[in-house]
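Take a look at the structure set out below.
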Amino acid sequence: MPKSDQSGAESSAVPVVPVTEGDNGTELKRVIGPGLLLLFIVGDILGTGVYALSGQVAAEVGGAVWLPFLCAFVVAMLTATSYLELVTKYPRAGGAAAYSHRAFGIHFLTFLVTFAVMCSGLTSASSASKAFAANLLSALNVDGDHGRVAMAIALGFMALISLVNLRGVGESVKANVALTTVELSGLLIVIGIGAWAVFQGDGEFSRVTDFQTPGGESAFGAVTAATALAFFAMVGFEDSVNMAEETKDPVRIFPRVMLIGLTITGVIYVLVAIASVTLVAPAELGVGDTPLLKVVEAGAPGFPLEIFAWITVFALSNTALINMLMASRLLYGMSRERALPGPLSRLLPRRRTPWVAITFTTLLAFLLIGYADLSALGGTTSLLLLCVFAVVNVAVLVLRRDEVAHRHFRAPTALPVLGVVLCVYLASPLSQRSGRDYEIAGWLMASGVALWFCVWVGNRIITSRRSGVN
């Protein structure tokens, strides 16, 4: 069982603010308690993945669509224990990038981890914005090709998200509470309709044990490929560590809340998957971008589908809101640790929100909206985060030698070790993932390397000029 660890002095590699009751060392406002943090985690995990990708997972494995979600949950839980040890040991904004910076001290690696996490959040939010526009048009019963209108809606929606984030974390988290409640109600409707159909003798519950592997591949290969895709639906828990400085008591609150949140979402995903294939054949479920709408229509023909379409719209809103909140806080935290340019840590005087980081990530999201594709970027997002998770699982082991003065969560050593192995495997070509994932991720990281080089050259020029003046 995980246990707390108490030890002596802190390392001075990266400054860490001691954690005390009523800590005033942070510039951000501590407004998040256990309830809000739980809703933040659940709301971040639920969303685009299960609402839009469950059909594609079904196309990979057939009726056993619940199994990849279960496997993805296990991998996520292993990595979550590493995050819990690190966030309770170093309760600062920055997340994976800050942990890798402290563990390895390699600026280039820190920059790439930061860029990978930021890109995963931005691609997810941009995809959600485009899906939001498409579902909004569907909810309004607008038929036909409306590409320009959808693009305008997606851009306007992203601008609105940035204004909510600029307003303050309290407003952002409160919006998350409302949106999480709506998207959770949508999934509970699917589960309820599935349960009712089974009790009434409708549907085909026997499908849940059927494997239908495309291309004649083995069941193991199909499940592995589907798990690599389904993992996109489980990501989001890692975003919460970037809110550590805005959480009232992160060392005490995080372990219990994150594990509860992951468990809740894992159970919901498995039940939604079972309900989906019980009511809709896997082949049909894998066609189109609205798989859960098909489930509701098949299981409850009298249910007003417009209501469920609006629920989907709100669910996608939550995905975009939380990912943009995470991306801006990540850049703020790493800027303050001097791993990124200093202006990114500037705050609005009254709101105490990182306005430069929010503006920068919003502009990048605008660019991605013109490029994002949900099916491709879902796999790319999971690929990027699996690589980041592998680094985090190694970092937690390296940082065992770095002792801190307060008690914190400690993961059993076997868990991060197993987490490294599984994350590397799911990120590798052995997992049968699409080559398109590597192509998109490669371009994103290449742009990151170019950006890092520009920052490095700029720092060298500034240092050289200062030396010349002296």
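The values are calculated or read from the model by the stated rules, or taken from the named source; none is laboratory data. For clarity, every value in this text was computed on a predicted model and none was experimentally measured. Here Cβ is always computed from backbone atoms with ideal geometry, including for glycine, and neighbour counts include all displayed protein chains. Side chains are part of the model used for accessible areas, which takes the heavy atoms of the whole protein and leaves out ligands, DNA and RNA. Shrake-Rupley method; radii C 1.70, N 1.55, O 1.52, S 1.80 Å.
Can you confirm whether Arg410 is out of contact with any Phe, Trp or Tyr (no Cβ under 9 Å at 6 or more places or on another chain) and loosely packed, with under 13 Cβ neighbours inside 10 Å? No.
Is one or more of the residues making up region 375-382 open to solvent by 30 Å² or more (accessible area, probe 1.4 Å), modelled with pLDDT of 80 or more and either within 29 Å of Ala150 (Cα to Cα) or out of contact with any Ser or Thr (no Cβ under 9 Å at 6 or more places or on another chain) (or both)?
Applying the first criterion (open to solvent by 30 Å² or more (accessible area, probe 1.4 Å)) to region 375-382 yields 375.
Imposing the further condition that a residue be modelled with pLDDT of 80 or more reduces the set to none.
No - not one qualifying residue is present in region 375-382.
Inside region 103-148, residues that are closer than 11 Å to Ser317 by Cα and free of Cβ contacts under 8 Å to residues at least 60 places away in the same chain make up a count of 1.
Of the residues screened, Ile253 is one that is modelled with pLDDT of 85 or more, of a type in the set (A, V, I, L, M, F, W, C), part of a helix (DSSP H, G or I) and touching a strand residue (DSSP E or B) at 6+ places or on another chain (Cβ under 7 Å). Residues of region 256-282 that are assigned to a loop (DSSP other than H, G, I, E, B) and touching a residue at least 60 places away in the same chain (Cβ under 8 Å): Ala281 alone. Within the set Thr353, Thr359, Thr312, the sole residue that is of a type in the set (S, T, N, Q), at negative phi and open to solvent by 20 Å² or more (accessible area, probe 1.4 Å) turns out to be Thr359. Could you tell me whether region 81-99 includes any residue that is open to solvent by 30 Å² or more (accessible area, probe 1.4 Å) and in a helix (DSSP H, G or I)? There is no residue in region 81-99 that is open to solvent by 30 Å² or more (accessible area, probe 1.4 Å) and in a helix (DSSP H, G or I).
Those residues that are touching a residue at least 60 places away in the same chain (Cβ under 8 Å) and either open to solvent by 10 Å² or more (accessible area, probe 1.4 Å) or not in a helix (DSSP H, G or I) (or both), I need them from region 283-293; list them, please.
Within region 283-293, the first condition is being touching a residue at least 60 places away in the same chain (Cβ under 8 Å), and the residues that meet it are 283, 285-292.
Across region 283-293, the qualifying residues are Ala283, Gly286, Val287, Gly288, Asp289, Thr290.
Select from region 239-275 the residues that are open to solvent by 10 Å² or more (accessible area, probe 1.4 Å) and within 18 Å of Val392 (Cα to Cα) and write down the one among them that is nearest to the chain's Cα centre (by Cα). Selected residue: Leu259. Taking region 404-432 as the range and being in contact (Cβ under 8 Å) with a residue 40 or more places away in the chain, in a loop (DSSP other than H, G, I, E, B), on the phi < 0 side of the Ramachandran plot and in contact with a helix residue (DSSP H, G or I) (Cβ under 9 Å, 6 or more places away or on another chain) as the test, the residues that pass are Val404, His406, Arg407, Ala411, Pro412.
Taken together, Ala365, Ala390 contain a single residue that is in contact with a Ser or Thr (Cβ under 9 Å, 6 or more places away or on another chain) and buried (at least 22 other Cβ atoms within 10 Å of the Cβ), which is Ala365. Would you call Arg465 among the basic types (Lys, Arg) and not in a helix (DSSP H, G or I)? When the stated conditions are applied, Arg465 does not pass them. For Thr227, are the conditions met, namely being over 30 Å from Arg30 (Cβ atoms), polar (S, T, N, Q) and open to solvent by less than 10 Å² (accessible area, probe 1.4 Å)? Against the criterion (over 30 Å from Arg30 (Cβ atoms), polar (S, T, N, Q) and open to solvent by less than 10 Å² (accessible area, probe 1.4 Å)), Thr227 qualifies.
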